[in-house]
């Protein structure tokens with residue numbers, strides 16, 4: 001006998017047909033505060049039935065985790081420094097589902113408190129290092145550079161714009177030594193902050209300078225930001241070591257940073273590198 | 001350098017900081033501070049560390065040296081013999097600075113859990129209030145073989161609300 005589903009439904013009012021939830025959309029993958037855990041963020045489908053749970057599975061490892069309705073699914077037990085992709089699906093309480101999504105892009109768990117966000121490599125022609133869409137979930141930012149400008153002199157200076165450049169005041173105290181004397185000076189500028197003196201085109205071949213720039217409380221919206229820098233370089237017996245402490249007198253959170261060699265028309269020479277780190281806290 | 005977050009305290013009201021039960025599983029401690037003090041001293045206020053509740057009651061066990069830049073020149077200071085607390089002078093803005101100005105420091109305490117030697121501190125920090133400021137670098141030690149399990153972090157008059165201390169363990 002062939003069962004007519006329409007007539008069966010009409011004649012069996014106690015049988016409830018459950019809508020199947022459609023596939024959710026993955027909106028982000030991020031390191032959780034727990035070691036070996038990735039948060040798979042998602043938004044539920046706007047069509048189909050409601051999901052009671054969301055289930056995510058890793059590849060490799062087939063490590064499975066569920067969330068009872070809310071984003072994210074926290075997948076734990078992952079190995080640091082291994083790349084993973086994830087699939088995710090919504091299920092009703094009885095297991096009805098439209099199946100898994102396609103695999104996400106890969107993400108690599110790295111639990112250290114100092115998390116690399118982005119890296120720039122100089123090519124001899126690019127002037128602006130641009131770090132945009134900076135995540136707001138860290139306490140501080142740290143920029144580490146090993147760089148050289150192609151300005152036609154022995155040295156140049158690296159400058160930084162944080163956020164809406166020119167729309168705030170930056171002031172700093174510089175304390176430096178050139179090997180024979182200690183000096184200190186103050187600068188106030190509209191926006192751009194010097195972060196370190198670096199070797200330039202006529203410096204000894206192979207010479208690159210060191211810069212570490214700490215931006216405390218970059219995501220705060222209520223106070224000014226501090227910029228604390230160390231830098232050093234040496235070129236055939238000349239060089240500098242500097243410490244700079246200053247304030248970026250702006251309250252909006254810093255979401256983008258530009259770093260450029262101050263010399264007009266200059267660029268970062270090949271071999272130069274900047275890495276932006278987020279510091280958890 | 002790989003480091004792991006141990007603890008963060010952000011002040012919702014003016015106060016100082018205490019970190020207790022510091023884990024002993026790391027090689028070094030790395031301490032990042034965003035702070036401003038409550039006292040009035042326009043040259044800037046000090047950062048103080050006391051280890052294991054040692055505020056000098058059992059002897060003055062801290063020594064330190066620092067160099068300073070103030071924009072018009074530089075100078076140095078030190079406490080070569082002993083003091084009752086680890087001090088880095090003039091490293092935070094005081095109560096007379098404009099609204100919103102804070103200072104920052106980065107401090108490392110080396111081999112903090114080693115029970116066979118004194119503990120070494122190194123500090124850089126400073127502030128600028130668009131009209132004055134300091135850049136400070138220094139180092140010192142706590143003359144004790146005890147592992148550091150508690151740190152009191154203070155400034156003159158206490159820290160202003162919004163100040164923050166984050167402590168990290170550096171993996172060997």
Test each condition in (1) surrounded by 20 or more Cβ atoms within 10 Å (Cβ to Cβ); (2) modelled with pLDDT under 95; (3) more than 14 Å from chain B (Cβ to nearest Cβ) for residue A:262 and report the one that comes out false.
(1)
Scanning segment B:52-82 for residues that are in contact (Cβ under 8 Å) with a residue 24 or more places away in the chain and within 14 Å of another protein chain (Cβ to nearest Cβ), the one farthest from residue B:135 (Cα to Cα) turns out to be B:66
Checking residue A:246 against (1) surrounded by fewer than 24 Cβ atoms within 10 Å (Cβ to Cβ); (2) within 11 Å of chain B (Cβ to nearest Cβ); (3) in contact (Cβ under 8 Å) with a residue 12 or more places away in the chain, the condition it does not meet:
(1)
Please enumerate the residues belonging to segment B:24-51 that are within 13 Å of chain A (Cβ to nearest Cβ), within 16 Å of the chain's Cα centre (by Cα) and over 21 Å from residue B:142 (Cβ atoms).
B:34, B:36, B:44
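Which residues, counting only those in segment B:83-114, are outside any loop (DSSP other than H, G, I, E, B), over 28 Å from residue A:222 (Cβ atoms) and free of Cβ contacts under 8 Å to residues at least 60 places away in the same chain? Show your work before the answer.
Taking segment B:83-114 first, the residues outside any loop (DSSP other than H, G, I, E, B) are B:83, B:86-92, B:103-110.
Those left that are additionally over 28 Å from residue A:222 (Cβ atoms): B:83, B:86-87, B:108-110.
Selection gives B:83, B:86, B:87.
Mind checking which residues of segment A:48-83 are part of a loop (DSSP other than H, G, I, E, B), farther than 15 Å from residue A:108 by Cα and touching a strand residue (DSSP E or B) at 6+ places or on another chain (Cβ under 9 Å)?
Looking only at segment A:48-83, we keep the residues that are part of a loop (DSSP other than H, G, I, E, B), and these are A:49-52, A:60-63, A:68-72, A:76-83.
Checking which are farther than 15 Å from residue A:108 by Cα leaves us with A:49-52, A:62, A:68-72.
Within segment A:48-83, A:49, A:50, A:51, A:52, A:68, A:69, A:70, A:71, A:72 qualify.
Checking the structure you have, find out if any residue of segment A:1-20 is in contact with a strand residue (DSSP E or B) (Cβ under 7 Å, 6 or more places away or on another chain) and either modelled with pLDDT of 95 or more or buried (at least 19 other Cβ atoms within 10 Å of the Cβ) (or both).
Here is the first cut: in segment A:1-20, the ones in contact with a strand residue (DSSP E or B) (Cβ under 7 Å, 6 or more places away or on another chain) are A:19-20.
Those left that are additionally either modelled with pLDDT of 95 or more or buried (at least 19 other Cβ atoms within 10 Å of the Cβ) (or both): none.
No: zero hits.
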Every residue in segment A:213-234 that is more than 9 Å from every other protein chain (Cβ to nearest Cβ), in a strand (DSSP E or B) and surrounded by fewer than 24 Cβ atoms within 10 Å (Cβ to Cβ), please.
A:232, A:234
Scope segment B:1-23; condition at the interface with chain A (Cβ under 10 Å from one of its Cβ atoms) and in a loop (DSSP other than H, G, I, E, B); matching residues:
B:1, B:2
Within segment B:132-151, can one find any residue that is over 13 Å from the mean Cα position of the chain (by Cα), surrounded by fewer than 24 Cβ atoms within 10 Å (Cβ to Cβ), assigned to a loop (DSSP other than H, G, I, E, B) and within 11 Å of chain A (Cβ to nearest Cβ)?
yes
Does segment A:92-110 contain at least one residue that is surrounded by 18 or more Cβ atoms within 10 Å (Cβ to Cβ), within 14 Å of chain B (Cβ to nearest Cβ) and part of a loop (DSSP other than H, G, I, E, B)?
yes
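The values are calculated or read from the model by the stated rules, or taken from the named source; none is laboratory data. On a predicted model such as this, the values are computed, not experimentally measured, just so you know. Every residue, glycine among them, receives a Cβ derived from its backbone with ideal geometry; neighbour counts consider all protein chains shown.
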